[in-house]
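**Student:** One structure, pasted below without further comment.
Throughout, read-outs are computed from the coordinates displayed, never taken from laboratory work. Nothing here was measured: the structure is a model prediction, and the numbers come from that model. Virtual Cβ from ideal backbone geometry, glycine too; neighbours counted across all protein chains shown.
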């Protein structure tokens, strides 16, 4: 048996069914743009034309780099088309999305002492951790961080909320990418053709 | 358990490289050649040979096309492939159960 052949079936199933989610760098430009927006918002108070132009450039860079990253993953890691999701998962995602909407509305209207939005983000990260059967442990760390932020979320203000969200998504995205590189190691060029029965 | 029952698992699927390929394809709708190569760690030559064998047995379909100027090979499991893999695991489960019973002296 060739030593390079990896037959851990659980790893194969996890890698295949999650390969789309593990392309973590793809979300990077979007979140960087998400941080850039409030910074340009501050700038627009003094130089509105410059800020508008900056926003346009940042948006263009985000779109182009997302496409480039998408191509990078296809070129280096191959393409997988996911199987159709089970109806139960689709319903679950729908309920979660409605819950998100509810949390943001309640937060905005009634300003409760403990932020429901932060709690929703904590549950979002926790859900991803549970779905990955513990492989993506860093989502649990992100979830705990957001639980700790629940009482302070409102006091942070919109700019810091955006920055924290973006940092959380960028960090988990980078960790996803690193997990993908571990699950799909590079192919050795001097691989010996394994015995073919 | 009779000895011939141990020989029942489909030998075409029982081979580790082919089992790995079928397992990967059972977890997605389609996968391209590069992904299969990276995830299984098989060489290009070995992967090609194993895919051809599985295609000959009608367990998977291979679609070759050009994306721009680059060739792209996409592989997917057939209905028969899904069934064969499910049957394989059923047989393996039965063997495991019988072995457990035999070990316990029942």
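**Student:** Under a no-solvent Debye model with one identical scatterer per Cα of the range A:81-197, what's log10 I(q)/I(0) at q = 0.14 Å⁻¹?
**Tutor:** -0.72
**Student:** Something else: Please list the equivalent ellipsoid semi-axes of chain B, computed as the square roots of five times the alpha-carbon gyration tensor eigenvalues, in descending order and whole angstrom.
**Tutor:** Rounded to whole Å, the semi-axes are 33, 12, 11.
**Student:** Using only alpha carbon pairs under 8 Å that are at least six residues apart, calculate the relative contact order of chain A and give it in whole percent. Display every interim value, and only then the final one.
**Tutor:** Numbers: 150 pairs, mean separation 67.7, N = 197.
Averaging sequence separation for qualifying contacts and normalising by length gives 34 percent for chain A.
**Student:** Rounded to the nearest 0.05, what FRET efficiency is calculated for residue A:81 and residue B:101 with R0 set to 41 Å and r the Cβ-Cβ distance?
**Tutor:** 0.45
**Student:** Taking R0 as 51 Å, what FRET efficiency do you get between residue A:48 and residue B:65 from their Cβ-Cβ distance, rounded to the nearest 0.05?
**Tutor:** Calculated value: 0.55.
**Student:** Mind jotting down a quarter of the surface of the convex hull over the alpha carbons of chain A, in square nanometres, one decimal? The partial results should precede the final answer.
**Tutor:** Values: hull surface 59.4 nm².
The Cα convex hull of chain A, projected and averaged over all directions, gives 14.8 nm².
**Student:** Here's something else I'd like to know. Could you work out how far helix A:158-183 tilts from the main Cα principal axis of chain A, as a 0 to 90 degree angle to the nearest 10?
**Tutor:** Its long axis makes an angle of about 0 degrees.
**Student:** Separation between the residue A:104 and residue A:147 pseudo-spin-labels, each 7 Å from Cα along Cα→Cβ, expressed in nm?
**Tutor:** About 2.5 nm, to one decimal.
**Student:** Just A:112, A:185, A:87 to compare: in a GNM of chain A, with alpha carbon springs under 10 Å, which one fluctuates most?
**Tutor:** Result for chain A, Cα springs under 10 Å: A:87 fluctuates most.
**Student:** How far is helix A:116-131 tilted off the main Cα axis of chain A, in degrees rounded to 10, range 0 to 90?
**Tutor:** With rounding to tens, the tilt is 0 degrees.
**Student:** Next question. Determine, from the Cβ-Cβ distance of residue A:111 and residue A:137 and an R0 of 45 Å, the FRET efficiency 1/(1 + (r/R0)^6), rounded to the nearest 0.05.
**Tutor:** For residue A:111 and residue A:137, the calculated efficiency is 0.85.
**Student:** Per DSSP H run of n ≥ 4, the term is -39500 (n - 2.57); total these for the protein assembly as shown, divide by its residue number, and report the mean residue ellipticity at 222 nm rounded to 500 deg cm²/dmol.
**Tutor:** Result for the protein assembly as shown: -22000 deg cm²/dmol, rounded to the nearest 500.
**Student:** Full-extension gain between residue A:71 and residue A:167, please, as 0.36 nm times their residue separation minus the C-alpha to C-alpha distance. Walk me through the intermediate numbers first.
**Tutor:** Details: separation 96, 0.36 × 96 = 34.56 nm, distance 2.38 nm.
Difference between extended and current length: 32.2 nm.
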